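Just so it is clear, none of the values below were taken in a lab; they were calculated from the coordinates. If you're wondering where the values come from, they're calculated on a predicted model, not measured in any experiment. Using ideal geometry, Cβ is built from the backbone for each residue, glycine included, and neighbour counts are taken over all protein chains shown.
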There are 4 protein chains.
Amino acid sequence: MTIPKPNYHPPFNVTRASHSVLHVTDLAKSRAFYVDLIGFIVSDEDKDTIYLRGVAEACHHSLVLKRADVARSERVGMRCFTEEDLEKAKFHFDKAGLPAQWVERPYQGRTLHVNDPAGAPLEFCATMAVKPRMILSFKDHRGAVPQRLAHFPLLVPDVQRPLEFYRTMGVRLAAYIAVDGTEDPLFVFLQRKGNPHDIVFAPGAGPRLHHAAFAIPESYTFFYICDLAATMGFAENVEFGPGRHGPGYALFVYMRDPDGHRIELFNTHYQCMDIEDEPLRWNASEAAQRRWQLPARERWYTQASRFVGVEPKEPARKGSPMTLEKYVGAV
Amino acid sequence: MTIPKPNYHPPFNVTRASHSVLHVTDLAKSRAFYVDLIGFIVSDEDKDTIYLRGVAEACHHSLVLKRADVARSERVGMRCFTEEDLEKAKFHFDKAGLPAQWVERPYQGRTLHVNDPAGAPLEFCATMAVKPRMILSFKDHRGAVPQRLAHFPLLVPDVQRPLEFYRTMGVRLAAYIAVDGTEDPLFVFLQRKGNPHDIVFAPGAGPRLHHAAFAIPESYTFFYICDLAATMGFAENVEFGPGRHGPGYALFVYMRDPDGHRIELFNTHYQCMDIEDEPLRWNASEAAQRRWQLPARERWYTQASRFVGVEPKEPARKGSPMTLEKYVGAV
Amino acid sequence: MTIPKPNYHPPFNVTRASHSVLHVTDLAKSRAFYVDLIGFIVSDEDKDTIYLRGVAEACHHSLVLKRADVARSERVGMRCFTEEDLEKAKFHFDKAGLPAQWVERPYQGRTLHVNDPAGAPLEFCATMAVKPRMILSFKDHRGAVPQRLAHFPLLVPDVQRPLEFYRTMGVRLAAYIAVDGTEDPLFVFLQRKGNPHDIVFAPGAGPRLHHAAFAIPESYTFFYICDLAATMGFAENVEFGPGRHGPGYALFVYMRDPDGHRIELFNTHYQCMDIEDEPLRWNASEAAQRRWQLPARERWYTQASRFVGVEPKEPARKGSPMTLEKYVGAV
Amino acid sequence: MTIPKPNYHPPFNVTRASHSVLHVTDLAKSRAFYVDLIGFIVSDEDKDTIYLRGVAEACHHSLVLKRADVARSERVGMRCFTEEDLEKAKFHFDKAGLPAQWVERPYQGRTLHVNDPAGAPLEFCATMAVKPRMILSFKDHRGAVPQRLAHFPLLVPDVQRPLEFYRTMGVRLAAYIAVDGTEDPLFVFLQRKGNPHDIVFAPGAGPRLHHAAFAIPESYTFFYICDLAATMGFAENVEFGPGRHGPGYALFVYMRDPDGHRIELFNTHYQCMDIEDEPLRWNASEAAQRRWQLPARERWYTQASRFVGVEPKEPARKGSPMTLEKYVGAV
């Protein structure tokens, strides 16, 4: 892998991963999962859409659920700092041959749609309606008490491909996993907001949304959300974990929503903003080494949410990660 | 299963599960595991033996490690209340055709050896040397900060068999797992000290010691001990969990020591001492239902520590629990 | 203080602290405090009475709130093991010149009323109606998720006085605080159920109920219940703590209910049941030493719930504990 | 207070609060406090200086302890993004009449010294030597497991005064406390790195360093560090808390080092980087309202670390916060 040289003077200021827009087939079931179980705060809702935010978010939404016939990821939302940055972004994308459209989206300022080079549909906005932070409203805390959206991992057939696009925007490589002894990249962790991930690319048929990751408070919360899930009939929705990440370092648990969309709940990331803070390389063997949890099941590697109207492309080479199936069979 | 009628007037007063005596093949390795990793307090040690206690124990030891050529469980230790109870116990066992011998054991008062009807070697004592409780010695806390020994599960070919022996001693049935729609017992959880388990029987080739269970403080501790295990080279020793029990209700994690002896770390049990508190029945399907953790690997069901000089007997019928291997293969 | 010699052959078998019966002046306000905030499970209620239990209790109630004109403690409830033990208890009390009456109480088996030598009204029963343990019903957990009643501290003018009464019943001294260099007792911690306290005596005008203590799960819970209290308008009800006990070792927080009745929430006690486990002596200076929390306010030492119809007597000597008022004034 | 209009196009890019340089009178005692108790990682040390970092920091140091005759704060360290930003900073400060000097500091790139308008000595650097992040090195975790430096509150006689200086650098107002019904500022919370505080100003004789704040992991850690402090002879160093902040929302505990320098340990801040995220106003009465902990002692408001060679100036008006002394006296 060619490590992308950071761009310290990007053409516009993108600030962070912002929100996920998902198509779900049964709003009531999704609400039971995201609100009653996980504990998202409802900012607004009508019969077709639910706007959700974490308890530490003042922005109107970090997760939007839309009723649809087919479960899909609609868009990955990113923030620009100012409206002026949005204008510059449009100019930049158009020039780069990635046609960008202005659209209107409820509760968001002017919004810009563009597909990244891997075909993932993005939307950029600079402002949203503002809501109260609910951190101290303890009586409204439920479930995992999600704090805020952190990052989006995407599966793409070639992880090298999107790097230049994000590098140009000033998004920096925080860490990457490479095949031992090579510079062959497997996972790349990119960050803009000063903690290690805003967007992550992993190899697989894509572009598809692997998951949206939300920060949760502490050890207790990991067990409580799993226990609560089991109590409320969502035991099978706990897909992987709790466990401990190598890259990123956080505790994690992955859950699947009623449509199979995946979220990660994890505890807080480290800060990562200094110029001398070089991208951290992990060898695949190191990153995949068993910490203490068992490996993920095969489907964790292969299943992901397709984007609306985007046909996934198979990667040239199939990976062969250590799955739970292999591990249990082998040992 | 015939639910044993409690004996409210036992012939002698046995009070609790007391200590585990294990043969280990490399004391230094065992010490690294039990002391440096798990965090037991060393009460005394010499070149052949290490005496360990939890931070909340004033008794001299709840775990004894003896250097030996072969890894075995030597004895399961139980407490009688007074020396007089020990005398009565000897009389009772002799009369019951279970010959009991007086022995001397370091740091213990007069000690009585007897095998239970399943052949498990027990030792009863009424007193031990006293050591300071270390609960507030926070600078001496390490690892999982084990609090105290709680209970011993044993594999036996016929779980029905030992019940009468323990019932006679006033040990009460707290809960049991039975095959759905039958009274066919699978696991029986017996208690004497007022929390749900002192000794537990599960079906399998035996008698063998499945594990010794020690209470640990809280959610944080479960993740910390797993993380620490991975840091210190003991990742593979984390065998099962963290997860949540049905019967017993506790959070748990099972670990294997360097010889393969198994310990359970769990958080505190409920209290269970009232006369109207009927044995709780769990159907096998209920107890085995996935809470949120994956099922245990097959070896968790089949591997256990043999007792010194006791040849395990196979059960008449083999069980067929839901193992991780089956689960992963099937779903 | 004369350390009471334990009675290993008590005339009847009392097993544990059982329940607290409180008179409250506004049931709705008390319900908001105990159920909505603290998280007790309602076993039964009508317009005059609320029966509460902790999530780990199968007994019908450990806390009974009765509507009354004046806030008082009605009775301290204790358990005998069997109905036969109750009969023996009546015989024993009558013989000792402490007249005991049979009464009927809802959801309790036959119940025996007697006043202890300090005049504290007790009630003994052997059985209660049984309710499901709610430990795994995570969606019904609220607030501090109280597990179970643990112990009752009472203020009495002479702590020496009740000792013989409880000693005779087989209640054992677990620990005591004495004036440095003397055997002059200040606090005495008595236990019957094998963890360090069932009933505690401290010097003060009495008999009065200082508090009822309930076990709660873990570190997280201490902060959550305080935060929730502040959110729900109960900030001023947090009276003392969170802090760390010397004797008993537990983390604690004391709260006052809307009538001023006090509860302690603490995490689990150590086990204490072996015969060689001598009463632990704490010098007053040691026990009162600042761990890290500030000292309690004066009112924590002096305010307590009067018993119905029992006029408190002043102690011969006034104590002079280190109060927050003194501490802040002096340092 | 005039709310400073954010400067979205600052003359140079300052990125975050970076490090604290303290003069201490006994390095061994300070090491016992910061390393053995609190758990900082030693990056380097010699007989005169100890360089410390948190377990989540890759930068060489966030806390520097220098042996000196008098306990003082030497400098407050800030980061610029690039060396070019440092050059621009020098140009900017010189032009603003705040003479800036280049200096060399061990383990730091080129370093710029300047005093802010209140007279607080700052030092800016763009790079430091890099050290491994120790997040997963669980066996090296001790005490509070400090993660990273977060922010510096300073006492100044006029909190309005430094605002323009920091505003110009693009540091944004996240929140402020004002006297009820006025725009009279009391505390101002400024942030640059996207969580709510990098530098904070509060009224008092100054400039003096009130404390340096470090993030710690979770509920458990707050109790553990206090318990450990008491065990290790540092009970009196626990000055205020644990408690819950209004502004900033975090759990906190304040400790004093052996020289009286103050640190805050708190859990993680919320994210705060969107343009529409208006400064949050707290009325003094709201911010000072009792959450559940008692108010701080008077000395928490008045004692702070003087800067080397800088004579504090008294504020024109003395504040009159609710202190523990007043609270205890009044209620």
**OP:** Note the distances from A:LEU98 to each other copy's matching label point, with points 7 Å along the Cα-to-beta-carbon direction, in nm, sorted shortest first.
**Re:** 3.8, 7.4, 8.1
Original post:
Under the definition of partner shielding as Cβ atoms of other protein chains within 10 Å of a residue Cβ, what is the mean value for peptide B:221-230?
Top reply: 6
**OP:** Run through the DSSP bridge list for the protein assembly as shown and note the antiparallel percent, rounded to the nearest 5.
**Re:** 70
Original post:
So what are the ³J(HN,Hα) numbers for the range C:25-40, from phi and the Karplus equation (6.51, -1.76, 1.60; θ = phi - 60°), rounded to whole Hz, Gly and Pro as x?
Top reply: 8, 8, 4, 5, 5, 5, 4, 4, 6, 6, 9, 6, 8, 5, x, 5
Original post:
Which cross-chain or sequence-distant (5 or more) residues have an amide H under 5 Å from the amide H of B:ASN115, H modelled 1.01 Å from N in plane?
Top reply: B:LEU122
Subject >> Förster radius 56 Å - calculated FRET efficiency between D:VAL130 and A:ASP48, Cβ distance, rounded to 0.05 >> reply: 0.65
Original post:
Top mean-square fluctuation among D:LEU265, D:LEU251, D:LEU294, Gaussian network model of chain D, C-alpha springs under 10 Å?
Top reply: D:LEU294
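Full extension from D:GLU325 to D:VAL308: what is 0.36 nm times the residue separation minus their Cα-Cα distance, to one decimal in nm?
Extra length from D:GLU325 to D:VAL308 when fully extended: 3.0 nm.
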Original post:
Antiparallel as a % of all DSSP beta bridges within the range C:14-73, to the nearest 5?
Top reply: 65
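Please give the average number of partner chain Cβ atoms lying within 10 Å of the Cβ of each residue in A:210-218, rounded to a whole number.
Other-chain Cβ atoms within 10 Å of each residue's Cβ, averaged: 2.
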**OP:** Determine the sum of side-chain charges near C:ILE177: Lys and Arg each +1, Asp and Glu each -1, restricted to other residues whose C-beta is under 12 angstrom from that of C:ILE177.
**Re:** -3
Subject >> Environment charge at C:SER219 (Cβ cut-off 15 Å; Lys +1, Arg +1, Asp -1, Glu -1) >> reply: -4
Original post:
Any idea what the A:ARG290 label distances to the other copies are, label 7 Å down the Cα→Cβ vector, nm, shortest first?
Top reply: 2.0, 5.0, 5.4
Subject >> Other protein chain Cβ atoms within 10 Å, averaged over every residue that makes up B:271-283 >> reply: 5
Subject >> Nearest beta-carbon to the C/D symmetry axis - residue in chain C, distance in Å >> reply: C:SER219, 2
**OP:** List A:CYS272, D:CYS226 from most exposed to least, where exposure is judged by having the fewest other Cβ atoms within 10 Å.
**Re:** A:CYS272, D:CYS226
**OP:** Would you mind computing, in nm to one decimal, how far apart the modelled labels at B:VAL179 and D:ALA235 are, each placed 7 Å from Cα along Cα→Cβ?
**Re:** 6.1
Original post:
In whole Hz, what ³J(HN,Hα) sequence does the range A:144-157 give by Karplus (6.51, -1.76, 1.60; θ = phi - 60°), x for Gly and Pro?
Top reply: 8, 6, x, 8, 6, 5, 10, 7, 10, x, 10, 8, 9, x
Subject >> Amide hydrogen neighbours beyond the local backbone of C:ARG172, cut-off 5 Å, H modeled >> reply: C:GLN191, C:ARG192
Original post:
Say we join alpha carbon atoms closer than 10 Å with springs in a Gaussian network model of chain B; which of B:PRO157, B:PRO117, B:PRO207 then has the biggest fluctuation?
Top reply: B:PRO117
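Restricting to chain C, compute how many DSSP beta bridges are antiparallel as a %, nearest 5.
The antiparallel fraction comes to roughly 70 percent.
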Subject >> Relative contact order for chain A, counting Cα pairs under 8 Å that sit 6 or more residues apart, in percent >> reply: 19
Original post:
FRET efficiency for B:GLN160 and A:ASP36, Cβ-Cβ distance as r, R0 = 56 Å, nearest 0.05?
Top reply: 0.80
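Kindly provide the helix-only [θ] at 222 nm of chain A, computed as the sum of -39,500 (n - 2.57) over DSSP H runs of four or more divided by all residues, to the nearest 500 deg cm²/dmol? Please list the in-between numbers first.
Working: 7 runs with 54 residues, N = 331.
For chain A, the value works out to -4500 deg cm²/dmol.
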Subject >> GNM result for chain D, Cα springs below 10 Å: residue of D:LYS90, D:LYS313, D:LYS47 fluctuating most strongly >> reply: D:LYS47
Original post:
Once you sort the root eigenvalues of the Cα gyration tensor of the range D:176-331 as a ≥ b ≥ c, which label holds: rounded (a/c under 1.5), prolate (a/b larger than b/c) or oblate (the other case)?
Top reply: rounded
Subject >> Net charge, C:LEU251 excluded, C-beta distance under 14 Å - Lys, Arg +1, Asp, Glu -1 >> reply: -2
Subject >> Whole-number percent relative contact order across the range C:230-327, with pairs defined as alpha carbons under 8 Å at least 6 apart >> reply: 24
**OP:** Tell me which residues come under 5 Å, amide H to amide H, from A:LYS313 once H is placed; ignore anything under 5 positions away on its chain.
**Re:** A:GLY206
